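The values are calculated or read from the model by the stated rules, or taken from the named source; none is laboratory data. No experiment lies behind these values; they were computed from the predicted model shown. With ideal geometry, Cβ positions are generated from the backbone for all residues, glycine too; neighbour counts draw on all protein chains shown.
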Amino acid sequence: MREDYDVVIGLEVHAELNTNTKVFCSCPNHFGSDTNTNCCPVCIGLPGALPILNKRAVELTIKAGLCMGCRINDIAVFERKNYFYPDLSKAYQISQLERPICIGGGVQLDSGKFIRLNRIHLEEDAGKLIHKNASIGTLIDYNRGGVPLIEMVSEPDITSADEAVEYLNKLRNNLVYAGIAECKMEQGGMRCDVNLSVKKKGSNELGTRTEMKNLNSFRSVQRAIEYETMRQIELVEAGGVVRQETRKWDDEKGESFSMRSKESANDYRYFPDPDLLSVKIERDLVEKLKAELPKLPMERRKIYLEEYSLPEYDVDILLSQKEISDFFDEALTYYNEPKTLANWIMTEVLKYVKTEEEFKMPLKAKELTEVLKMYDQKALSQANAKSLIEKLINEGGDAKELAKKYNLINDISDDAVEEALKQIIEANPKAREDYKVNPDKISTFFVGQVMRATKGKANPDKVKELLNKYLN
Amino acid sequence: MATKIDIDHLANLSALELTDEQKAKFEKEFEGIMELVEKISQANVSDEIEYDPIDVSELREDEVKQGLTQEEVLTNAPDKKQGCFAVPLMME
Amino acid sequence: MSTIIELVNKIKSRELKSVDVVKHYIDVINDKKEYNAVIEVFDDALDIAKSIDERLDKGEELGKLAGVPIVIKDNILYKGKIAGCASKFMQDYRAEYNSTVVNKLISEGAVIIGRANMDEFAMGGSTEKSVYGPCLNALDKTRVPGGSSGGSACAVAGGMTPCALGTDTGGSIRQPSSFNGIVGIKPTYGRVSRFGIVAFASSLDQVGPITTNVADNAYMLSILAGYDENDGTSLKAEVPNYMNAINQDIKGVKIGICNQVKALMKDSKAFDEAVEWFKSQGAEIINVDIKDIELCLPVYYILAPAEASSNLGRFDGVKYTRRSKDANTLEEIYSKSRSEGFGAEVQRRIMLGNFVLSSGYYDAYYVKAKKVQQAVKKQFKEAFSKCDCIIMPTTLGEAYKIGSITNPVDMYLEDIFTIPANIAGIPSINIPYAKGPNGLPLGLQVMAKELNEMMVYRVADYFEKNHKEN
């Protein structure tokens, strides 16, 4: 980026809410169905059909507001945004303008900088256009039409692509952690529009902004911002003028293009939807929803670092997915050793997670803690503890039963260990001699041999102790 | 208050294609209609649009109900292809 | 001509067969084709009547309208049937689902025999603006039947059906009822579900029954009214049995006369006589003020077109409605289909609606109109704290000659007395109460505060049964 320019960025982020049904009708909110099969008179805009607001969509929007520290309006109003486009079955989108559900709020970046939100409002998604070819034309599938969306509009507080991506990550984490939205960008479950302008460093005069659409991954947000910043600076440097326009990002080409727009396109003739009366949001409901919210990433980070004294590295891994953090928190309720638990999760559990599929922890938190308790009680050797985790992941079931089934329990007597060691010492005179020169290395050899002889049941510490006795 | 009406802009917003003759006719009729509707400027009301507590939406539970089949959805479609409504290829 | 209640009883007692009743009315419709009131007789009506007869013969209980024929306005959805809204655009449109009112009629055993002519998309007051051609007044073929539910009113007045459903956004049930000398109610806004009614102005539209007499009307509304989970603006209040309002006296009832309305009447002789008559029957006459009642007209011609411009956006030649044959691009599908499909009055109102909502004018028109509407509602509320009902004429005069009003504004001014009930959201009924200079009926409106249809029916029924004209 050029040092002599400031870049001013505001983001409009849309996320599809995690509901069973659409926002104004009882059709399934489901991705990937056959075309036009999740539809009814309301969402395909048949004459006479009327919208009925989904309670859960309102509640999830309130929750989103609570996560981002917004003020929740007492009365929310839905408005019609009128324009003709074939993905919009009624020629208007039901959205919110004057009285959205959530006002203000914001997200704090790691640097401490606060990115203010202007609002979060609830609206309906449009259908999907499939552009085929000249003979088939453009096809319209209304399955997505009417899926509940929240739009989170930031103030123009963002000043770099990195900040934009961090802000997006934090928004997404909050929504995912609180069960509000799944934010699957690859399915269009989260989308981002970027408003961007540049100005000479220190200047108070704002530049003309452009709006970029079609940003479907964090990486394309990053690239599109970098591209558009340079484009605008180069344009201004060359004596040109930035035009206020909507641009479409082409991820393959790594460029954005001006979208042709009709002059009247911005006259949306918003007015309150007469089919939907005001929504009264009771304080009791807000309090109830607040109580339901899980701990959000920021809060968990604080607890992990300060109360559990975990290193940053561990905390980053634990918080990288809600599922890991939830697993860790649940396991802690059975086994209150944060650092030990974190180590086991990071080294012995996460390696089994299949990254190509939907993220899912491979075993139950309670079973992991059962393994750790057995290990602590010396009922399992470390090797067998690891092996038991693997078996739990492969077969599921109860830790204790599996340990018995595979004969992993450390039920060998001290005498038997001692006897086994004696025999190994007898059988390896050279090692016995080497031990005197290099005790550390050779003790590992003996421990390994004993473990093999005892099928992993011997306690390595006990073996070392016995080695001392016999060889020193 | 004499309001000048931009007929072309309105036709555009309305997605209507009007002949010059129709435009002229609308323009003339609008004069009379505007005279009628502009009577509301006489009204002496200053307060905000009041929120009437009776006028509150009933919210719906988030439960799936049977909708239409694909065939029913497309019953009246002037053009349909591959289970979808069809329009000429759009240039975006 | 039988009343609905007589038909219900005679069919139930098997004195009459539904199929004969339905046949009779269809015959009348066919005899009176020139009136152009019922534009389609449904071909399954006789079969439905037959099956109802069979079930009644077996002793089944089939609901409150078992075997009774009913006509619906062309903007009410009945699955599988055309709901054309009297528009060229919608001529082929077959409903994919049933409106709530149709479901109610069917579940009570009614036989829906056909659909009635109307002004295109319910925009008009004369049923001259229909793709099916004008409908005629049942009492004078040279005159309009009123509108927009002119076909429904003409069908009832002409004996083509004992009952028809209409819709009323600014007087579209009451004014044609007045012009044809029959009874029609616009219930409280939200009393009857709008689900499956092609919307004109969502915040004003109401469905209501049109009948030959008040008792039938009360009987029908008891069936049609009620909360509907598919209509977010429908009211939860319990539905009383409106038949309890029939055959009551009106002693001590406080009847309001609006001071501002008197000033607007062309000729108040008939109205003054009615007021005197009510007084003579023991009612108390109270003068009330509704200061801004005259502004209801401009408020209406801002709000209704605004909502209509948005509601009619969905008719675009993409999903349903006729697509222009000349359209080669998406933009042309929109603009050519809509220009060919919508008639001049509909286009005019869409343009007007888009104007009052457009950037720069929204506050001066739409917002201002909403504020005046609030003021008017308040004024009605205050008036109803002093009286039980308000009476006023339905129209400025008798039904006028077909083709006599061509200027849109002159047509709009005809709605001056009917619009206030829509703006205030209150119930209002039309009953015939006098004859005009040409011997044609004049209608009287009885209005009450919201959800007080009981009072409306009580006063209307008393007048119908006791006034010498009737």
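From C:Leu330, C:Leu264, which residue is surrounded by fewer than 22 Cβ atoms within 10 Å (Cβ to Cβ), of a type in the set (A, V, I, L, M, F, W, C) and more than 14 Å from chain A (Cβ to nearest Cβ)?
Answer to the check: C:Leu264.
Mind listing just one residue for me: the one in region C:333-347 that is of a type outside the set (D, E, K, R) and under 30 Å from the mean Cα position of the chain (by Cα) and, of those, surrounded by the fewest Cβ atoms within 10 Å (Cβ to Cβ)? Walk me through how you get there before you give the answer.
Going through region C:333-347, the residues of a type outside the set (D, E, K, R) turn out to be C:333-335, C:337, C:339, C:341-344, C:346-347.
Pick out the ones that are also under 30 Å from the mean Cα position of the chain (by Cα) and you get C:337, C:339, C:341-344, C:346-347.
Values: C:Ser337: 25, C:Ser339: 18, C:Gly341: 23, C:Phe342: 25, C:Gly343: 19, C:Ala344: 14, C:Val346: 26, C:Gln347: 21.
Checked region C:333-347; the qualifying residue surrounded by the fewest Cβ atoms within 10 Å (Cβ to Cβ) is C:Ala344.
For (1) away from every other protein chain (no Cβ under 14 Å); (2) closer than 18 Å to C:Ala218 by Cβ; (3) surrounded by fewer than 24 Cβ atoms within 10 Å (Cβ to Cβ), each residue gets a yes or a no:
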residue	(1), (2), (3)
C:Thr142	yes, no, yes
C:Ser148	yes, no, no
C:Ser172	yes, no, no
C:Gly184	yes, yes, no
C:Pro187	yes, yes, no
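Which number in (1) surrounded by fewer than 18 Cβ atoms within 10 Å (Cβ to Cβ); (2) at pLDDT 85 or above; (3) among the aliphatic types (A, V, I, L, M) marks the one condition that B:Ile54 misses?
Condition (2) is where B:Ile54 drops out.
Whether any residue in region A:251-263 is in contact (Cβ under 8 Å) with a residue 24 or more places away in the chain, over 22 Å from B:Ser14 (Cα atoms), of a type in the set (Phe, Trp, Tyr) and more than 14 Å from chain C (Cβ to nearest Cβ) is what I want to check.
No, region A:251-263 contains no residue that is in contact (Cβ under 8 Å) with a residue 24 or more places away in the chain, over 22 Å from B:Ser14 (Cα atoms), of a type in the set (Phe, Trp, Tyr) and more than 14 Å from chain C (Cβ to nearest Cβ).
Yes or no: C:Val372 over 22 Å from the mean Cα position of the chain (by Cα) and either assigned to a helix (DSSP H, G or I) or within 14 Å of chain A (Cβ to nearest Cβ) (or both)? Show your work before the answer.
Working: over 22 Å from the mean Cα position of the chain (by Cα): yes; either assigned to a helix (DSSP H, G or I) or within 14 Å of chain A (Cβ to nearest Cβ) (or both): yes.
Here the answer is yes, as C:Val372 does meet what is asked.
Quickly run through region A:18-38 and pick out the residues that are out of contact with any Asp or Glu (no Cβ under 9 Å at 6 or more places or on another chain) and surrounded by 23 or more Cβ atoms within 10 Å (Cβ to Cβ).
A:Cys25, A:Cys27, A:Asn38
Within the group C:Gly360, C:Gly317, C:Gly343, which residue is modelled with pLDDT under 95 and within 14 Å of another protein chain (Cβ to nearest Cβ)?
C:Gly360
Considering only residues that are at the interface with another protein chain (Cβ under 7 Å from one of its Cβ atoms) and assigned to a strand (DSSP E or B), which ones fall in region B:68-88?
The answer is B:Leu68, B:Lys81, B:Cys84, B:Phe85, B:Ala86, B:Val87.
Kindly evaluate A:Arg80 against the criterion of being within 14 Å of chain C (Cβ to nearest Cβ), outside any loop (DSSP other than H, G, I, E, B) and touching a Ser or Thr at 6+ places or on another chain (Cβ under 7 Å).
yes
Looking at A:Ile303, is it under 20 Å from the mean Cα position of the chain (by Cα) and over 27 Å from A:Lys184 (Cα atoms)?
It is true that A:Ile303 is under 20 Å from the mean Cα position of the chain (by Cα) and over 27 Å from A:Lys184 (Cα atoms).
Name the residue that is nearest to the other protein chains (Cβ to nearest Cβ), counting only residues in region C:241-259 that are under 30 Å from C:Ser202 (Cβ atoms) and buried (at least 17 other Cβ atoms within 10 Å of the Cβ).
Of everything passing the filter in region C:241-259, C:Cys258 is nearest to the other protein chains (Cβ to nearest Cβ).
Working carefully through the options A:Arg269, A:Arg301, A:Arg231, A:Arg247, find the one that is touching a helix residue (DSSP H, G or I) at 6+ places or on another chain (Cβ under 8 Å) and within 19 Å of A:Pro156 (Cβ to Cβ).
Among A:Arg269, A:Arg301, A:Arg231, A:Arg247, only A:Arg247 is touching a helix residue (DSSP H, G or I) at 6+ places or on another chain (Cβ under 8 Å) and within 19 Å of A:Pro156 (Cβ to Cβ).
Report yes if some residue within region C:352-359 is crowded, with 24+ Cβ neighbours inside 10 Å, more than 19 Å from C:Pro145 (Cβ to Cβ) and small (Gly, Ala, Ser); otherwise report no.
Checked against the condition, which is being crowded, with 24+ Cβ neighbours inside 10 Å, more than 19 Å from C:Pro145 (Cβ to Cβ) and small (Gly, Ala, Ser), region C:352-359 yields at least one hit.
So which residues in region A:1-37 are closer than 27 Å to C:Ser310 by Cα, more than 7 Å from chain B (Cβ to nearest Cβ) and of a type outside the set (A, V, I, L, M, F, W, C)?
A:Glu12, A:His14, A:Glu16, A:Lys22, A:Asn29
Yes or no, residue by residue, for (1) among the aromatic types (Phe, Trp, Tyr); (2) within 30 Å of the chain's Cα centre (by Cα); (3) more than 30 Å from C:Asn311 (Cα to Cα):
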position: A:Glu234; (1), (2), (3): no, no, yes
position: A:Glu252; (1), (2), (3): no, yes, yes
position: A:Arg269; (1), (2), (3): no, no, no
position: A:Leu277; (1), (2), (3): no, no, no
position: A:Leu293; (1), (2), (3): no, yes, yes
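In region C:189-219, how many residues are within 14 Å of another protein chain (Cβ to nearest Cβ) and of a type in the set (Val, Ile, Thr)?
Let us first name the residues in region C:189-219 that are within 14 Å of another protein chain (Cβ to nearest Cβ), namely C:189-207.
Now narrow it down to the ones that are of a type in the set (Val, Ile, Thr): C:192, C:197-198, C:207.
Qualifying residue count, region C:189-219: 4.
Is there any pair linking a residue in region A:270-296 that is among the basic types (Lys, Arg) to one that is outside any helix (DSSP H, G or I) and crowded, with 19+ Cβ neighbours inside 10 Å, with Cβ under 9 Å and at least six apart or on different chains, and which?
Hits for this filter: A:Lys280/A:Ala76; A:Lys280/B:Ser57; A:Arg283/A:Ile72.
Please determine, by comparing only the residues of region C:420-439 that are in contact with a Leu (Cβ under 6 Å, 6 or more places away or on another chain) and not polar (S, T, N, Q), which one is nearest to the other protein chains (Cβ to nearest Cβ).
Among those that are in contact with a Leu (Cβ under 6 Å, 6 or more places away or on another chain) and not polar (S, T, N, Q), it is C:Gly436.
Does region C:275-288 include one or more residues that are surrounded by 22 or more Cβ atoms within 10 Å (Cβ to Cβ) and either outside any helix (DSSP H, G or I) or within 22 Å of the chain's Cα centre (by Cα) (or both)?
yes
Please give the number of the condition A:Lys81 fails out of (1) in contact (Cβ under 8 Å) with a residue 60 or more places away in the chain; (2) crowded, with 23+ Cβ neighbours inside 10 Å; (3) touching a Phe, Trp or Tyr at 6+ places or on another chain (Cβ under 8 Å).
(2)
Looking at A:Ile281, A:Ile317, which is the one that is in the same structural domain as A:Met346 (by TED's automatic domain parsing) and aliphatic (A, V, I, L, M)?
Numbers: A:Ile281 fails: in the same structural domain as A:Met346 (by TED's automatic domain parsing).
After applying the criteria, what remains is A:Ile317.
Where in region A:121-173 are there strands (runs of 3 or more DSSP E), lying wholly inside it, with at least 2 residues that are hydrophobic (A, V, I, L, M, F, W, C) and under 22 Å from the mean Cα position of the chain (by Cα)? Outline the logic, then answer.
Values: elements: A:128-131, A:138-141, A:148-154.
Answer list for region A:121-173: A:148-154.
Among the residues of region A:89-129, write down those that are surrounded by fewer than 22 Cβ atoms within 10 Å (Cβ to Cβ), aliphatic (A, V, I, L, M) and within 14 Å of chain C (Cβ to nearest Cβ).
A:Ile94, A:Leu97, A:Ala126, A:Leu129
If you go through region A:204-218, how many residues are loosely packed, with under 13 Cβ neighbours inside 10 Å and either farther than 17 Å from A:Ile158 by Cβ or not assigned by TED's automatic domain parsing to the domain that holds A:Thr159 (or both)?
Looking only at that region, the number is 2.
Mind checking whether some residue in region A:44-60 is more than 30 Å from A:Ile233 (Cα to Cα) and more than 14 Å from chain B (Cβ to nearest Cβ)?
At the first step, the residues of region A:44-60 found to be more than 30 Å from A:Ile233 (Cα to Cα) are A:44-60.
Imposing the further condition that a residue be more than 14 Å from chain B (Cβ to nearest Cβ) reduces the set to none.
No, the conditions are met nowhere in region A:44-60.
Which residue, of A:Ser111, A:Ser89, A:Ser135, is assigned by TED's automatic domain parsing to the domain that holds A:Ser217 and in contact (Cβ under 8 Å) with a residue 12 or more places away in the chain?
On the way: A:Ser111 fails: in contact (Cβ under 8 Å) with a residue 12 or more places away in the chain; A:Ser135 fails: in contact (Cβ under 8 Å) with a residue 12 or more places away in the chain.
Sole residue among the options that is assigned by TED's automatic domain parsing to the domain that holds A:Ser217 and in contact (Cβ under 8 Å) with a residue 12 or more places away in the chain: A:Ser89.
Of A:Val236, A:Val279, A:Val221, A:Val242, which residue is β-branched (Val, Ile, Thr), under 30 Å from A:Leu319 (Cβ atoms) and surrounded by 15 or more Cβ atoms within 10 Å (Cβ to Cβ)? Step through it out loud before you land on a result.
Numbers: A:Val236 fails: under 30 Å from A:Leu319 (Cβ atoms); A:Val279 fails: under 30 Å from A:Leu319 (Cβ atoms); A:Val242 fails: under 30 Å from A:Leu319 (Cβ atoms).
After applying the criteria, what remains is A:Val221.
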